[in-house]
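Contents: one structure, followed by commentary.
Every number here is computed from the coordinates shown, using simple stated rules; none is lab data. No experiment lies behind these values; they were computed from the predicted model shown. Neighbour counts run over all protein chains shown; Cβ positions are idealised from the backbone, glycine included.
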Amino acid sequence: MPRWYEEGLAGYIARMQVDGGGVEFDRFTRSGNEGFVSLSESLSMERLLYSDDALASPRLIQIANLKSSGLLHYLLHAYEEGFVDRRSQLRKYLEYLLEGRNPRYAYDRAFDVTTAQLDEEFHNYLLTSSRPAGTVLTGALDVVAPLSSSAIEGAPLTLALGELALNSGNFEVAKMLFELTTEQDASLARGLSGVGDALRMSEVEGMDQRIASYFIQALEMAPQDVNILLDYGEYWEAELENCEKIWPDPQRRAISDDILEHFQRAVQLNPISPEANLAMGEYFLLPGADWSDGVDYQRRAFDLLPADTFIMEQAVRYAIAADDYVDAERLISELAQPIHYFGEPGWVTDLRERLLRKRRGESYNECG
């Protein structure tokens, strides 16, 4: 789905108000609509529908999101007041996109007006609409079983808290909680690899052998656990990618072979694990590996979990390796958009740099 539709749908749903057994929209105001027209005119329909790169700008994003929400409401509800009914054209447009057509083709084939004319229609609607509550189409609603909760305590609770601390960057707290997990239940291998992860991410000097020992112990304890296999392989992968460490070629090859063995075992144990396929895809991006051998793994990971940031980042790197610059640019723009308001993160800038250098025929030095 295009960016504008996703944002428009989010805003559309956010305006629904549920009161008892009824559902209705928040009503627009005349002054709000008049102000909305002025904002909308600063971002053309052409740019909204076709230029995802433009929507990565902090200056335009709020305007784009508001216009997207208003446009979707117009397309779905304007007919209720006698305006042109464009619901079927919207459906056709979305069908073309789901078939893989590009946005311009989809729009031209589905709609019988230009983007400029649609802009004019939309603004006329905002200025002349009587702003009714609108009809909320719910269709048949599934009966959802009441939510229930279950108690969690002891080692499972400590382990979960350790994962939360690790993912929030509180590595010292994570280390303490993972150590406590192993004390509460020595059979939980993740407690050991979790300590290793916390120490590794803390970037404490002189801890290499101790960190490695945690991953080795965890693997010995749970050799058939997919997550532990991935923990072990990802640790050594990070070691190979550490720019401050120089590995002799024989040792590098031995570590690389060891990584591949454990990642392959993880995929064999769970072929539909997005994480295992992602790991295999990452392995074939290592220096000395043939990236084309990882394409199927990357595609499988993407099919299984297409909105995952790590998987999308990997998809960009594979697109760059394949010289598919158009797809690489599209994916980079999608990665930048969800957090563009807070500035572009360094790893997205890094992807742009990779793409630029590949296009120029220049080598990219990750340690440069």
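Backbone geometry of region 66-78 corresponds, through the Karplus equation with coefficients 6.51, -1.76 and 1.60 at θ = phi - 60°, to 3J(HN,Hα) couplings of 5, 5, 4, 5, x, 5, 5, 4, 4, 5, 8, 10, 4 Hz, x marking Gly and Pro.
Counting every other Cβ atom within 10 Å of each residue's Cβ, Met16, Met280 order from fewest to most as Met16, Met280. Taking the number of Cβ atoms within 10 Å of each Cβ as an exposure proxy, the fewest-first ranking of Lys358, Lys67 is Lys358, Lys67. Overall, region 3-128 carries a charge dipole of about 200 debye about its Cα centre when +1 sits on the Cβ of Lys and Arg and -1 on the Cβ of Asp and Glu, all other atoms neutral.
Phi angles of region 295-301 translate, via the Karplus equation with coefficients 6.51, -1.76, 1.60 and θ = phi - 60°, into HN-Hα couplings of 4, 4, 5, 5, 5, 5, 4 Hz per residue; Gly and Pro are given as x. Compared with the dominant Cα axis of the chain, that is its longest principal axis, helix 208-221 is turned about 80°. In this Cβ point-charge picture (+1 for Lys and Arg, -1 for Asp and Glu), region 169-240 has a dipole of about 100 debye about its Cα centre.
Annotation: amide H-H contacts under 5 Å for Gln17 (H modelled 1.01 Å from N, sequence separation of 5 or more, or interchain): Glu24, Phe25, Asp26. Here r is the Cβ-Cβ distance between Leu356 and Ser292 and R0 is 22 Å; the resulting FRET efficiency, rounded to 0.05, is 0.45. Note on region 150-222: along the principal axes its Cα atoms extend 41, 28, 15 Å, ordered by decreasing extent. Comparing Gly11, Gly162, Gly288 in a Gaussian network model of the chain, where Cα atoms under 10 Å apart are tied by springs, the biggest mean-square fluctuation is seen for Gly288. Using alpha carbon coordinates only, what is the Rg to Rh ratio of the chain, with Rh defined as the Kirkwood radius? Result: Rg/Rh = 1.05. Across the options Leu118, Thr182, Thr158, the greatest Cα extent toward the positive end of the charge dipole of region 96-255 (unit charges at beta carbon of Lys, Arg, Asp, Glu) belongs to Leu118.
In a reduced charge model with +1 at each Lys and Arg Cβ and -1 at each Asp and Glu Cβ, the chain shows a dipole moment near 1160 debye about its Cα centre. The ranking of Trp347, Trp291, Trp4 by Cβ neighbour count inside 10 Å, starting from the fewest, reads Trp347, Trp291, Trp4.
Backbone geometry of region 190-197 corresponds, through the Karplus equation with coefficients 6.51, -1.76 and 1.60 at θ = phi - 60°, to 3J(HN,Hα) couplings of 5, x, 5, 5, x, 4, x, 4 Hz, x marking Gly and Pro.
Note on the chain: helix-only mean residue ellipticity at 222 nm, from DSSP H runs of 4+ residues weighted -39500 (n - 2.57) and normalised by residue number, equals -20500 deg cm²/dmol. Taking one quarter of the surface of the convex hull spanned by the alpha-carbon atoms of region 3-128 gives a direction-averaged projected area of 8.3 nm².
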